[in-house]
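**Student:** First the structure, then my questions, so here it is.
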Amino acid sequence: MTSINVSTPLRMRSAAAGAVVAAALLLAGCAGGAPADPGTVTSTLTGSATASSSATPTPTPSAVYKPADASGPAQNVPVPVLPEVAKTETKEGLEAFAKYWFELLSYGYETGDTKPLSAVTSSSCTMCERAKQVQEGWHQDGRWLVGGRVTTPSVNTTFNEAPGGNYQVAVQVSQEPLSYYNPDKSLDSMDPKPADSGSLMLVAFRDGAWFVQTVEPIVG
């Protein structure tokens, strides 16, 4: 995606302007009239240069997001951005962070990049580690995943700090069907859409940021 600058170079424009001015002076001399006012010439050249330098550049097209499909993996997947409110130790901040965490989980299924999730999650979270193994393993050696997008229709917390400095967050989780593709573009297997379920997160606020200790399914 290359932008082409079609503006005439400034040096060529200045040379052209100079030639026009010289011709005007020559004609004025032949006619016996007074030479042009030097101030006028300088003003003309300055105006030309200013107009050239202020020309609007051609915008460069931005990369377009393309979800994964049977022909290949996802492209240009935007990395989830932590909302400003999620940086605060408040009820609203915790709920916003919980949504952000599941966006990172969904991002991992699309890209195989689990670093953002790992940065805010304890390695002792068994469910989290299992999910990361699937995400990383199926984005290696030409393999990729299709689907598996995770959304959170409901996120709630009473914002009561439990022993150990943890807060509990109840999250309703919905996930799309997940397909596993081989390097030759053959479909290896497919997980149907699971029933929407509830998850309980234990999250602590430490060093000025939220950190997930564990995520477990809500049974019953």
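**Student:** Which distance in Å, rounded to a whole number, links the C-alpha centroids of the range 136-207 and the range 68-88?
**Tutor:** 13 Å
**Student:** Let me ask another. For the range 138-189, what does the alpha-carbon gyration tensor say about shape, rounded, prolate or oblate, given a ≥ b ≥ c as the root eigenvalues, a/c under 1.5 as rounded, and a/b over b/c as prolate?
**Tutor:** Verdict is prolate for the range 138-189.
**Student:** What is the order of GLU110, GLU92, fewest Cβ neighbours within 10 Å to most?
**Tutor:** Ordered by Cβ neighbours within 10 Å, fewest first: GLU92, GLU110.
**Student:** Further question: Once the Cβ-Cβ distance between ARG143 and GLU92 is put in as r, and R0 is 45 Å, what FRET efficiency do you end up with, to the nearest 0.05?
**Tutor:** The value I calculate is 0.70.
**Student:** Which shape class, rounded, prolate or oblate, goes with the range 154-220 when its Cα gyration tensor gives a ≥ b ≥ c as root eigenvalues, a/c under 1.5 marks rounded, and past that a/b bigger than b/c marks prolate?
**Tutor:** prolate
**Student:** For PHE205, PHE159, PHE97, which order do you get if you count the other beta carbons within 10 Å of each Cβ and list the fewest first?
**Tutor:** In increasing order of surrounding Cβ atoms, one gets PHE159, PHE205, PHE97.
**Student:** Another question, then. Assigning unit charges at the beta carbon (Lys, Arg +1; Asp, Glu -1) and nothing else, what dipole magnitude in debye, to the nearest 20, does the range 75-207 show about its Cα centre?
**Tutor:** 40 debye
**Student:** Which ordering of LEU187, LEU202 is given by a fewest-first count of other beta-carbon atoms within 10 Å?
**Tutor:** LEU187, LEU202
FYI, it's all coordinate maths here, none of it is from the lab. These numbers were taken from a predicted model, which means no experiment stands behind them. Glycine also receives a Cβ, built like all others from the backbone with ideal geometry; neighbour counts cover every protein chain displayed.
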